[in-house]
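Okay, so here's the structure we're looking at.
Derivation of every value follows stated rules applied to the coordinates shown; laboratory data play no part. Worth saying up front: this structure is predicted, and the values here are computed from it rather than measured. FYI the Cβ positions are ideal-geometry reconstructions off the backbone, even for glycines, and counts take in every protein chain you see.
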Amino acid sequence: MTYDAVVYDLDGTLVRLAVDWGAVASDVARVLRDRDVDPGDAGLWGMLERADETGHRPVVEETITEYEREGARNSDRLALADGLPHSVPVGVCSLNAEVACRLALETHDLQSTVGPVVGRDTVGSSKPNPEGLLTVVDELGADPESTVFVGDSESDAETARRAGTAFEWASEFSQRRYRA
């Protein structure tokens, strides 16, 4: 099937950010402890939720985003990026910070082939909540039913399901029918 719009996840789909996520989690835990918040055994995204609950999201976001920016500058371009541009509108919906997404696209000279970009900090929620994906679809002027979301995680698949878009795994997505 051919769709009227394609939305990509970023990290693991178009590029691979050079981020040591273990180091990020360690630094975020330190940031929380410095503010008398026990991170417990929560993973990175659990600590981000805890930061929301305790009012420390801005400093935690800043910590994560700094790693993502550096990771975007040193990211690897993946095969799907080589299939751009497309003959249909293209957007990005990512769990990474919007600024890091844009930096990665710029690093790999993809910014002119991608329209709207929504990161975890762009709208009031993050994947698998469909708000970000639906925002991109709307900005592309497309309908969810005629859009495919291409990603590399179960969270991406769940996001597409909740948004009412089709989903295809990055490893299986054929871009031939969309090439400009």
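Quick notes
- Selection of trypsin sites (Lys or Arg not before Pro), region 63-132, meeting DSSP coil and at most 12 other Cβ within 10 Å: none
- Separation in nanometres of the label points that stand 7 Å from Cα toward Cβ, at Glu154 and Arg57: 2.5
- Region 72-112-region 1-42 distance, computed between alpha-carbon centres (Å): 16
- Degrees, to the nearest 10: 98-107 long Cα axis against longest axis of the chain: 60
- In percent, rounded to a whole number, the relative contact order of region 1-95 is 54, using alpha-carbon pairs under 8 Å and six or more apart.
- Estimated from helices alone, the mean residue ellipticity of the chain at 222 nm is -12500 deg cm²/dmol (sum of -39500 (n - 2.57) over DSSP H runs with n ≥ 4, per residue).
- Cut-off 12 Å between beta-carbons: net charge of the residues surrounding Val118, Lys and Arg +1, Asp and Glu -1: -3
- Rounded FRET efficiency, nearest 0.05, which uses the C-beta distance separating Trp21 from Asp109 and R0 of 22 Å: 0.25
- Cut-off 13 Å between beta-carbons: net charge of the residues surrounding Glu68, Lys and Arg +1, Asp and Glu -1: -4
- Förster radius 22 Å - calculated FRET efficiency between Asp138 and Thr2 (Cβ-Cβ, nearest 0.05): 0.60
- For the chain, relative contact order (Cα pairs under 8 Å, six or more residues apart, normalised by length) works out to 28 percent.
- Cleavage-rule hits (GluC sites (Glu not before Pro)) in region 88-180: DSSP loop, at most 14 neighbouring Cβ within 10 angstrom: Glu172
- Taking Lys and Arg as +1 and Asp and Glu as -1, the other residues whose beta-carbon sits under 15 Å from that of Val37 total -4.
- Cβ crowding within 10 Å, taken as a proxy for footprinting-reagent exposure, orders Asp143, Asp9, Asp41 from fewest neighbours to most as Asp41, Asp143, Asp9.
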